[in-house]
Amino acid sequence: MTHFQRYRFTPWLLMAPQLIIVGVFFFWPALQAVEQAFYVEDAFGLSRQFAGLANFIAVLQEPDYYQALGTTVVFSLSVALGAMAIALLLAVQADRVLKGANAYKTLLIWPYAVAPAVAGVLWLFLFDPTLGLVSAALKALGIDWNHNLDGGQALLLVILASIWKQMSYNFVFFLAGLQAIPKSLLEAAAIDGAGPWRRFWTVTFPLLSPTSFFLLVMNSVYAFFETFGTIDTVTGGGPGGATTTLVYKVYQDGFIGQDLGASAAQSVLLMILVGLLTLIQFRFVERRVQY
Amino acid sequence: MSRSLLTSPRAWRRPALGLAGTLAATLLSMGSAQAETQIEWWHAMGGALGKKVNEIAADFNASQDEYVVNPVFKGNYTETMTSAIAAFRAGKAPQIVQIYEVGTATMMHAKGAIVPVYQLMADANADFDPNAYLPAVAGYYTTTDGKMLSLPFNSSTPVTYVNRDILDKAGVDEVPTTWQGLGKALEKVVDSGAAECGLTTTWPSWVMLENYSARNDIPFASEANGFKGLDARLQFNKTAVVDHIQRLDQWQEDGRFVYGGRKDEAAPKFYSGECAMMMGSSASYAGVRDNADFNFAVAPLPYDADVVDTPNNTIIGGASLWVLNGASEAQKEGVAAFFKYLSSPEVQADWHQFTGYLPITTAAAKLTREQGFYDKNPGTDVAIKQMTGSAPTENSKGLRLGNMVQIRDVINEALEKIFSGDVSPQAGLDEAAEKGNALLAKFQRANS
């Protein structure tokens, strides 16, 4: 360590590319959003007035904001947990396959290479109330599928599409985690008389916990921010605001409505919220992780 | 040139010469371009429409040698407006930008950001007659005292598309012109089993609230639908619109009406023969023609016989061309010349016939008729007749409401809640009006 203290500038120089990228693409816009949140401004930037906390108060008084918050909680929990649970199941199964394992793995990883908007359109076609294959099958079962009108169905659809999209990413990590578990441990447990179920919960699952924790953080971020493309193509936030998440609302108010102040205030609140969530995850959930 | 610089070893060895060559070539190409004034035109017309836009610009460029109009496709309407605003804030605004009709209030109140068309034409001493334009089209973009703010470009109005085969099967000969008559006809369609759904609509807020109000001469909002001032507030929860939505809600129960989505999502229901009728934009004509494997016809948007005796014109949707501030004098003159070219009967008639959008001048409509287009394509003149049947009233000139994009979303949200049975029509529309009025009040605060 002492050896490096003589180099005062070299570390900065080596880190500069990364710092510049983070600075230009994150800190600078983030600071601008914080500043914007305290002003009322018209779309063209012709007049600008300091508004104090008015933007925040207006946002927090809006019933729609709480609806979006509720939707976000349901949506994010379902997507993060659903994508992880299904990926874990598939990874455990794929780990045991001996023949044609590569083909299975490739097929399971494939959806990750699909852009969110494309994934959205695929699901949209499957579930289109008039043309969709799945909706036709559901109709045969007596279920009237119309996500253009039924908020619950619309939310379910975007959750499914988002889970499908993220599953592959989780699958890769879980599979790598599983393959890193020494077979000798599982064999020892088997000799001690532990069945497959017991072996999974007492040996495999705890040893996977670093992977699971990493994925929990990544999946929360994914559910919060990266599902925008899917929501935009599948439901556009509707019907009746049933699929409007906090990020989608920032976009609706800022880009479509050109209400920069309210939109900036919402993104500041969202930044705080996600910051808190990450903090909680690292402080409380990470304690239970066994490295 | 630059490729040879990088790859040829001789250019590397003698950089001075290679560079000089590049510079000379660049200067030469710039010289030839700078003799003409460049005009940037940002638009939202993708696909075949985009090709047509490029064709119009190319024809204009070839017709004279002073100006060059460069059309740039910027994505959908929202993206085009957002990028134009961002470019304006960065001091790099295009000279012409295509803005959708619901962005009109935002644009016209951005006083330092735009050059109104009437002023542009006057400054350029262009020969410009506002009366040449169709009042029902241009009115949307004109002040109450007749000053044109932006040039109407692509405008359409809602009409009724009907599946003739289904109607024949159900024994409906004439498409009724009133909502009352339509109710009976749709009953026949559903009861006879000719189709499981009677009617659906695209763009429900535009067709069932905005245009229903205009056609039946009821105010959608106070202050002449916002034309007279920023303190306009929504009124659709206090008018016959409530009864109309109630009617659709009832029709939904027996299959006479089916809600299909906020934009064009309902169209497949009509194409597939699930619904016998669809109300939608007159510019969807080509889409209907290409997708329908049945005989179809176009009928006017019905009016409500309980509310009016003779219907008004319907109002338009679509987009207009705005001139942004910051253009040089030469560029402004170029824009004026281009707008004049764009308004000429030949260009307009061609645009109208190719795209299905309404012509913006009476001369273009007349020319199209003379060319026999309407005879060859029955139904294409329904929209134009509907638009020109009567002089626009205060209630049918258009809408000039701030935050209109979000207001439409609020209305669509309310319709979805009403049609899914969550709230009654009155309660749903009351809630929408309240939310919409908050948006209007916000716009008023930000712009006064």
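The values are calculated or read from the model by the stated rules, or taken from the named source; none is laboratory data. Every value quoted in this text rests on a predicted model; they were computed, and no experiment measured them. Reconstructed Cβ throughout: ideal geometry from the backbone, glycine too, with neighbour counts over all protein chains shown.
Quick look at the numbers
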| read-out | value |
| --- | --- |
| Segment A:237-291, residues that are polar (S, T, N, Q) and touching a Pro at 6+ places or on another chain (Cβ under 8 Å) | A:Q290 |
| Of all residues making up segment B:373-391, the number that are of a type outside the set (D, E) and more than 23 Å from B:A48 (Cβ to Cβ) | 7 |
| Scope segment A:203-262; condition within 14 Å of chain B (Cβ to nearest Cβ), among the polar types (S, T, N, Q), in a helix (DSSP H, G or I) and touching a residue at least 24 places away in the same chain (Cβ under 8 Å); matching residues | A:T233 |
| Selection count where residues are touching a His at 6+ places or on another chain (Cβ under 7 Å) and within 19 Å of A:A68 (Cβ to Cβ), scope segment A:119-159 | 3 |
| Search result, residues across segment A:90-117 that are without any contact (Cβ under 8 Å) to a residue 60 or more places away in the chain, in a helix (DSSP H, G or I) and surrounded by 13 or more Cβ atoms within 10 Å (Cβ to Cβ) | A:A101, A:Y104, A:P111 |
| Filter result (touching a helix residue (DSSP H, G or I) at 6+ places or on another chain (Cβ under 8 Å) and in a strand (DSSP E or B)) within segment B:280-320 | B:G280, B:F296, B:A297, B:V298, B:A299, B:Y303, B:G317, B:G318, B:A319, B:S320 |
| Unique match (being in contact (Cβ under 8 Å) with a residue 40 or more places away in the chain, among the hydrophobic types (A, V, I, L, M, F, W, C) and either part of a loop (DSSP other than H, G, I, E, B) or surrounded by fewer than 18 Cβ atoms within 10 Å (Cβ to Cβ) (or both)) among B:A365, B:A391, B:A433, B:A383 | B:A391 |
| Members of segment A:128-141 found to be within 14 Å of another protein chain (Cβ to nearest Cβ) and surrounded by 12 or more Cβ atoms within 10 Å (Cβ to Cβ), listed by number | A:D128, A:P129, A:T130, A:L131, A:G132, A:S135, A:A136, A:K139 |
| Any hit, segment A:119-140, residues being among the small types (G, A, S) and at pLDDT 90 or above | yes |
| Residues of segment A:16-41 satisfying the condition of being among the aromatic types (F, W, Y) and either within 14 Å of chain B (Cβ to nearest Cβ) or crowded, with 17+ Cβ neighbours inside 10 Å (or both) | A:F38, A:Y39 |
| Qualifying position, being at pLDDT below 95 and among the aliphatic types (A, V, I, L, M), among B:A267, B:A221 | B:A267 |
| Residue check, B:G91 surrounded by fewer than 18 Cβ atoms within 10 Å (Cβ to Cβ), on the phi > 0 side of the Ramachandran plot and touching a residue at least 12 places away in the same chain (Cβ under 8 Å) | yes |
| Condition check for B:T26: over 25 Å from B:E333 (Cβ atoms), of a type in the set (S, T, N, Q), modelled with pLDDT of 85 or more and in a helix (DSSP H, G or I) | no |
| Any hit, segment B:260-279, residues being outside any strand (DSSP E or B), more than 18 Å from B:L415 (Cβ to Cβ), touching a Leu at 6+ places or on another chain (Cβ under 8 Å) and touching a residue at least 60 places away in the same chain (Cβ under 8 Å) | no |
| Residue among B:T106, B:T80 that alone is within 27 Å of B:G398 (Cβ to Cβ), modelled with pLDDT under 90 and either in contact with an Asp or Glu (Cβ under 8 Å, 6 or more places away or on another chain) or not assigned by TED's automatic domain parsing to the domain that holds B:S284 (or both) | B:T106 |
| Selection from segment B:400-434 of residues that are facing chain A (nearest Cβ under 8 Å), modelled with pLDDT of 90 or more and more than 18 Å from A:G236 (Cα to Cα) | B:F419 |
| Check on A:F125, within 14 Å of another protein chain (Cβ to nearest Cβ), without any contact (Cβ under 8 Å) to a residue 12 or more places away in the chain, assigned to a helix (DSSP H, G or I) and of a type outside the set (D, E, K, R) | yes |
| Matching residues, segment A:42-83, being within 14 Å of another protein chain (Cβ to nearest Cβ), over 13 Å from A:Q266 (Cα atoms) and buried (at least 20 other Cβ atoms within 10 Å of the Cβ) | A:D42, A:A43, A:F44, A:T71 |
| Enumeration of residues in segment B:270-295 that are crowded, with 24+ Cβ neighbours inside 10 Å and within 14 Å of chain A (Cβ to nearest Cβ) | B:F270, B:C275, B:M278 |
| Counted residues, segment B:112-145 - those being within 14 Å of another protein chain (Cβ to nearest Cβ) and either touching a helix residue (DSSP H, G or I) at 6+ places or on another chain (Cβ under 6 Å) or surrounded by 14 or more Cβ atoms within 10 Å (Cβ to Cβ) (or both) | 3 |
| Residue list for segment B:439-448, filter: facing chain A (nearest Cβ under 10 Å), assigned to a helix (DSSP H, G or I) and surrounded by 17 or more Cβ atoms within 10 Å (Cβ to Cβ) | B:L439, B:K442, B:F443, B:A446 |
| Out of B:A122, B:A93, sole residue that is in a helix (DSSP H, G or I) and either under 20 Å from the mean Cα position of the chain (by Cα) or over 27 Å from B:T314 (Cα atoms) (or both) | B:A122 |
